[in-house]
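Below is one structure; the comments refer to it alone.
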Amino acid sequence: MEIYGLGIVALCMFVGSFIGMGLGNLLGISGNVGGVGFAMLMLILVTNHFEKKGKPFSKRTSNGILLLSSLYIPIVVAMSARQNVVAAFEGGAVAFLSGGVATIGALLLVPLITKLTIKENNE
Amino acid sequence: MMDIINTLFTSYDLVAALGIVALIMVISYGFADMIGQRRMGSAIAIVVGLVLAYIAGKYTGGEKGLADVSLFTGVGLLGGGMLRDYAIISTAYGIDLKNIKKAGLPGIVSLLVGVLFSFIIGAAIAALLGYTDPADITTIGGGAVTFVVGPVAGSALGASSDVIALSIAAGVVKSVLTMIITPFVASIIKLDNPTSAMVYGGLIGTTSGVAGGLAATNAELVPYGAMTATFFTGLGSLLVPSIGYMLVNAIF
């Protein structure tokens, strides 16, 4: 059933966030350190595990998960509509320069790091 | 008449938000089709969202864009952290474990380089523009990491609230700029495979920017970028107020 798919993602979210918050506590910072990442890893491990066993999720269960992921871009649009864009514009030169240069610099590093680490991987 | 409409929008706020976003998507994809760039549809929709947030912010004076307008409060829920994370996690469905293993090392390297690089750039610009207090410099550097890291570092180090606000603004600029320019530079930086998407997520780190930028470039890459990006803010919150502050303190 579709709700099973939603439930599986919910379970992954709670377990992952639990790990993330526990990690945050351990490190002495309030917050969720990589909780979403742990949850994604868990979803991947769970689905790969069931597929390996030859028992992949049923069509309707996977429809539930696919519904959620198809809502992802609309949710990003809603998210951008609730950002404090005015503050970003009025933050002054420091905000613009530090945010802007950091972004453009990091973008330019993408091919470099990709190449570098792939080389290391092959050695 | 207006009362009824008001009541409808406020009692069905989430449904109203879904309807509004659907409308934004229809218009944006229609426009993208018109200019023959269908793949730009989601990028255009995101920019429309940002423009609406700017107009709403000017109009209401609030901090939550369109969500501060009483008719559109549901946008705050739909675009909030809970549903965003829930939907992000679901995008991992169908990922092959082999791809993750292949990109493990690049992911870790890019995370470390990404946090340090953004922090150093942000701190250097703060120093160049006349900030001398190490706590202020660290906070603004943290903002260049993400808009969460700036306030985390700022409150830990006792920076003033206007510096913290600036650091948030730096993070928002990063996130917004990432969403807008990623589709345009994607081919230059070879952002076209899972490995480079993971590196991109680890280097840029702002989850919303990475997710929006990748969604506008190639939606299939979103989970790879989002996966590394989600560790970025945590790593930044950890490194910036500790090692970052010590570094800045040693120099100034």
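Laboratory data are not the source of any read-out in this text; all were calculated from the coordinates shown. On a predicted model such as this, the values are computed, not experimentally measured, just so you know. Because the Cβ atoms are built from the backbone with ideal geometry, glycine has one as well, and the counts that use them run over all protein chains shown.
Structure above, values below:
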quantity	calculated
Chain lengthening between residue A:52 and residue A:15 when straightened (0.36 nm per residue, less Cα-Cα)	11.1 nm
Counting all C-alpha pairs of the stretch B:90-250, share separated by more than 27 Å (%)	24
Ranked packing of B:144-154, B:160-170, most packed first, by mean Cβ within 10 Å	B:144-154, B:160-170
At least 20 Å along the helix axis (C-alpha) and Kyte average at least -1.0, DSSP helices within chain B	B:13-34, B:41-60, B:97-128, B:161-185, B:222-239
Cα-based Rg of chain A normalised by 2.2 N^0.38 Å, two decimals	1.44
Chain A, relative contact order [Cα under 8 Å, separation at least 6], %	24
For chain B, size of Cβ-based charge dipole, Lys and Arg +1, Asp and Glu -1, in debye	640
Per-residue mean of C-beta atoms belonging to partner chains within 10 Å, peptide B:51-58	5
Of B:176, B:222, B:75, the one that fluctuates the most in a GNM where chain B has Cα springs shorter than 10 Å	B:75
Furthest towards positive pole of dipole, A:98, A:1, A:11, structure part chain A, Cβ charges	A:1
Candidates B:215, B:43, B:127: whichever shows maximal mean-square fluctuation once chain B is modelled as a Gaussian network with Cα springs under 10 Å	B:127
Proxy reagent accessibility, fewest Cβ within 10 Å first, across A:1, A:13, A:21	A:1, A:21, A:13
Chain A: angle of helix A:2-27 to the longest principal axis, Cα-based, in degrees nearest 10	50
Label-point gap, in nm, between residue B:219 and residue B:14 - each point 7 angstrom along Cα→Cβ	2.1
Using alpha-carbon coordinates, inclination of helix A:72-81 to the longest axis of chain A, degrees	30
Difference of contour (0.36 nm per residue) and Cα-Cα distance, residue B:101 to residue B:22	24.8 nm
Computed over the protein assembly as shown, Kirkwood Rh from alpha-carbon pairs, angstrom	20.9
Compactness of the stretch B:1-83 - radius of gyration and Dmax, Cα, Å	13.8, 42
